[in-house]
Amino acid sequence: MKYLGSLGIFAVVSLFSATVSAQSFNIDVGDNTILAPVPASTYVGAANQPGTWNACIHPYTTSLVDLSGSPTGVMTSSDVSSSFLYLPSALPTGDDRSLMIDIQTFGGSISQTVHWTFSGLQDGNYLVYTYAWAPENGGTMTTITVDNSTDAPQPVGGIWNGGPHVQNSTYSLHHVAVSGGALTLRGDNAPGSAGSINGFQLVFLGGAFNPFCFGDGSGTACPCGNAGISGRGCASSVSASGALLAGQGAPSLAADTLVLHGSDMPNSSALYFQGTAMTSGGAGAVFGDGLRCAGGTVVRLGTKTNASGASQYPVAGDASVSVKGAVTSPGTRTYQTWYRNAAAFCTPSTFNLSNGLEVTWMP
C-alpha cells in the first residue's frame, strides 16, 4: 500500500448566501481529482441519489452545482484545509474508491474539531449524509454532529471494503430543518487518530413552511373587497396589508422548537389553531372579515393577547405545538390565527384571520 498526503494551513472562510431552487447535492471532498476523480453521476451513494458530484477541493470554499449540473447560489466552507490521499492496493473499487480514499483530514495526535457550513440553502427539511470513513485505518472514528438536528452525534468508522454503505461505518445520517438558509456540522476526531471527511449528500425533503390562502385575490375573494397584500390575510381595520402568520424553528417530533408568529393584528385576542387540510384546496372560504384556510380536523392550540399587534404560540409554560396538536407522526398540518377585530369595518362579524401556513413535520 502507498499513501500520499498534503497538509495545508487552517483557514477561516467567509460565506455567501443566495436563494436557489435546486436543493439536493452530492459532494466529493478531496484534492486529487486524477487518482480519485469524482464519482459518476450514476453513483447513488448511501442516499440512493444519482446526479452530478461536486469536487470540493481545499480550502473547501465551493460553489455547488445541483444534481443536474446547473450552478446554484449554495456555498460550502470549512475551517480546516488539510487534505489526504490514501491508495489501498485493492478494495474499495470504482466509484466507492473515488469518493472514499481522498479526504479532508484533521486532528491526528491532537483532538481537533472541523466545522463545515452550507449557506444559501432553501429553508426546509433535509437528510444530511456525511461520509467520515478513514481509508487508512479501520479502527479510526470520527464523530459527526449537525446543528439543530433531531439526531444525536454519530461516530463513524470501522472496517469496510466497498459495496453498500453502512451507517456508522462509512457515514452518518441526520435529519435537520434548515432555517435562515444555513446548515452547520462538525466533525471530532478520536484522541490519537486523525478524523476524516470524505464527502456529503444533502437530500431536500421539502419546505418546512408553506404559506397559502392569501387575501390578495389569488384565491377566494375577501368578503368586502378588503384584499390584503400578497402572502397575508384579508385587510382589517388596523392593517391594510392583512395579518401575517409565519413559522420559525424546527417542526420535529423528536425536538420540537416550532413557534407560530402572528403580526399586523389589533391589540386583541388571537386564537392559534391547527388543521389537517387546506380549506377549498388552499383557496380558502369566506369567514367573518377574512378567509378560513386551515380545515379538516381542527385543534385549538391557544389564545393569546396581542401586544403591538403581534403574539405567538407557544410562549414559556405552553405545551409545544406538536404536543398540543397531538402530532405523533411525520406529515403536514395547517395553521392559522383567528383574531378579534371589533371595529365596524366589513361584515357584521367582529373577527378576521391571517393567511394559512402549511407545516411539514419531520421525525
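Going by average Cβ density within 10 Å per residue, which order do the peptides 311-321, 348-358, 273-283 take, highest to lowest? All intermediate terms of the calculation are to be shown ahead of the outcome.
Values: 311-321: 16.7, 348-358: 23.6, 273-283: 18.4.
Most protected by this proxy first, the peptides run 348-358, 273-283, 311-321.
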**Asked** So, by mean Cβ neighbours within 10 angstrom, what's the order for 53-63, 152-162 with the highest one leading?
**Response** 53-63, 152-162
**Request:** Compute the length gained on full extension between GLN248 and SER218: take 0.36 nm times their separation in residues and subtract their Cα-Cα distance, giving the result in nm to one decimal.
**Result:** 8.3 nm
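Relative contact order of the stretch 50-161: what whole-number percent is it, with Cα pairs under 8 angstrom and at least 6 residues apart? Mind showing how you got there, number by number?
Numbers: 153 pairs, mean separation 21.5, N = 112.
Over the stretch 50-161, the number comes to 19 percent.
Determine the per residue accessible area of the stretch 106-261 with all protein chains present and a 1.4 angstrom probe, expressed in square angstrom.
Working: 5370 Å² over 156 residues.
Per-residue value: 34 Å².
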**Request:** Could you pull out which residues in the stretch 298-312 have an amide N less than 18 Å from a spot 7 Å beyond the Cα of THR276, following the Cα-Cβ vector?
**Result:** 298-301
**Prompt:** Of all the accessible heavy-atom surface of the stretch 292-363, with the other protein chains kept in place and a 1.4 Å probe, what percent is carbon and sulfur?
**Reply:** 54 percent
**Prompt:** Near TRP53, within a Cβ-to-Cβ distance under 11 Å, what is the net charge of the other residues, with Lys and Arg +1 and Asp and Glu -1?
**Reply:** -2
**Prompt:** Between the stretch 244-287 and the stretch 54-80, what's the alpha-carbon centroid distance in Å?
**Reply:** 35 Å
**Request:** Kindly rank 78-85, 105-112 from highest to lowest mean number of other beta carbons found within 10 Å of each residue.
**Result:** 78-85, 105-112
**Gained length - ALA40 relative to SER329, 0.36 nm times residue gap less alpha-carbon distance** = 100.4 nm
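How would the stretch 221-344 be classified by its alpha-carbon gyration tensor: rounded, prolate or oblate, with rounded meaning a/c under 1.5 and the a/b versus b/c comparison settling the rest?
Values: a/c = 2.17, a/b = 1.43, b/c = 1.52.
Oblate shape, in that a/c is at least 1.5 and b/c is the bigger or equal ratio.
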**Prompt:** Counting only protein heavy atoms and using a 1.4 Å probe, what share of the accessible area of the stretch 155-200 belongs to carbon plus sulfur, as a whole percent?
**Reply:** 55 percent
**Request:** Obtain the nm distance between the two label points defined at HIS115 and ALA310 by a simple spin-label model: each point lies 7 Å from its Cα along the Cα-to-C-beta direction.
**Result:** 2.7 nm
**Item:** Euclidean distance of C-alpha centroids, the stretch 116-178 and the stretch 193-220, integer Å
**Value:** 19 Å
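The values are calculated or read from the model by the stated rules, or taken from the named source; none is laboratory data. Fair warning: this is a prediction, and the values are worked out from it, not measured in the lab. Please note: Cβ atoms are built from the backbone with ideal geometry, for glycine as well, and neighbour counts cover all protein chains shown. These area figures cover heavy atoms from the full protein model, side chains too; ligands, DNA and RNA do not enter into them. Shrake-Rupley method; radii C 1.70, N 1.55, O 1.52, S 1.80 Å.
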